[in-house]
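Student: Here it is, the structure, as structure tokens.
The values are calculated or read from the model by the stated rules, or taken from the named source; none is laboratory data. Note that the structure is a prediction, hence the values are computed from the model and not measured. Cβ atoms come from the backbone with ideal geometry, glycine included; neighbour counts cover every protein chain shown.
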Amino acid sequence: MELLRLGFLSSHGGSNVQAIVDACKLGHLKAELCVVISNNSESKVIERARQAGIPHYHLSEKTHPISGHLDKAIKDTLEKHETNLVILAGYMKLLGPQTLTRFRGRILNIHPALLPKFGGKGMYGKSVHEAVLKAGEQVTGVTIHMVDEEYDHGSTISQCKVPVLDNDTVDSLMERVLEKEHEFYVQTLQRISEGVIKLP
Ligand code: GRF
């Protein structure tokens, strides 16, 4: 694949965005950091983008209340900054048809479990890890997958495992998986940029 030009969508903390930004700044990942979009004007990820000097935008139903306008604004903003790979990291919304069509096969998401288990609507944040513990799983993990019209649904690009420990709580498991996510998103992008992982 040509030089990665990353456009991020994130709703809250943006620790995965930060991990990717740091990897680029340290020279561990060869990619351009083009733009950060958040549906939440107060989100930490907007502050992270500001600190890193990356163009950032608040685009939401508040800024674009008319149906279809938000989808177009997201697509246009990604295009304006010449994004060629869209990185979802803790983005709590579904993308609209214009963005999905324009960037089809070039949108990735990270999920804190081994999909297809523990995914879908409502499976985010603590609920994922709660469900993993409740099911008595001994192994959980991280999935990076293509994005389509449904939550956590597109084809899997890469997965890695994280053990569930006997004394794990929701918080301890979430923390350990999130740490792994940071490392694994960067690694997966490195593999994409080197052509080791080929996007469909
Ligand atoms: C991560 O667990 C990610 O897998 C999920 O949302 C969380 C986002 O964390 N989609 P952050 O915003 O990157 O800190």
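Student: Restricting to the range 79-116, what's the tally of residues that are away from the ligand (no atom under 16 Å from the Cβ) and within 18 Å of residue 189 (Cα to Cα)?
Tutor: Qualifying residue count, the range 79-116: 8.
Student: I'd like the full set of residues that are touching a residue at least 12 places away in the same chain (Cβ under 8 Å) and either of a type in the set (Val, Ile, Thr) or touching a Cys at 6+ places or on another chain (Cβ under 7 Å) (or both), limited to the range 60-84.
Tutor: The answer is 74, 77, 81, 82, 83.
Student: Oh, and also: Of all residues in the range 117-132 being surrounded by fewer than 20 Cβ atoms within 10 Å (Cβ to Cβ) and at positive phi, which is nearest to the ligand (Cβ to nearest atom)?
Tutor: It comes out as 125.
Student: Still on this structure, please answer the following. Would you point out which residue out of 19, 31, 23, 49 is small (Gly, Ala, Ser), closer than 28 Å to residue 97 by Cβ and in contact with a helix residue (DSSP H, G or I) (Cβ under 6 Å, 6 or more places away or on another chain)?
Tutor: Every option except 31 fails the conditions.
Student: Taking the range 3-34 on its own, how many of its residues are more than 10 Å from the ligand (Cβ to nearest atom) and of a type in the set (S, T, N, Q)?
Tutor: So the answer is 0.
Student: Still on this structure, please answer the following. Going through 38, 67 one at a time, which residue ends up being on the phi < 0 side of the Ramachandran plot, small (Gly, Ala, Ser) and modelled with pLDDT under 95? Let's see the steps before the verdict.
Tutor: Working: 38 fails: modelled with pLDDT under 95.
So the residue among 38, 67 that is on the phi < 0 side of the Ramachandran plot, small (Gly, Ala, Ser) and modelled with pLDDT under 95 is 67.
Student: What helices (runs of 4 or more DSSP H), lying completely within the range 10-119, carry at least 3 residues that are touching a Ser or Thr at 6+ places or on another chain (Cβ under 7 Å)? Reasoning before the result, please.
Tutor: Numbers: elements: 15-25, 44-52, 69-80, 97-102.
By residue number, 69-80.
Student: Answer yes if at least one residue in the range 134-149 is at pLDDT 95 or above, within 12 Å of the ligand (Cβ to nearest atom), of a type in the set (S, T, N, Q) and under 17 Å from the mean Cα position of the chain (by Cα), and no otherwise.
Tutor: Yes, some residue in the range 134-149 is at pLDDT 95 or above, within 12 Å of the ligand (Cβ to nearest atom), of a type in the set (S, T, N, Q) and under 17 Å from the mean Cα position of the chain (by Cα).
Student: If you take the residues of the range 156-175 that are surrounded by 17 or more Cβ atoms within 10 Å (Cβ to Cβ) and over 29 Å from residue 71 (Cβ atoms), which of them is nearest to the chain's Cα centre (by Cα)?
Tutor: Within the range 156-175, the match that is nearest to the chain's Cα centre (by Cα) is 174.
Student: Also, quick follow-up: So, of the residues in the range 138-155 that are farther than 30 Å from residue 167 by Cα and small (Gly, Ala, Ser), which turns out to be surrounded by the most Cβ atoms within 10 Å (Cβ to Cβ)?
Tutor: Per the stated criteria, the residue is 154.
Student: I'd like to verify a number: residues in the range 42-78 that are loosely packed, with under 13 Cβ neighbours inside 10 Å and either among the polar types (S, T, N, Q) or more than 14 Å from the ligand (Cβ to nearest atom) (or both), how many?
Tutor: 9
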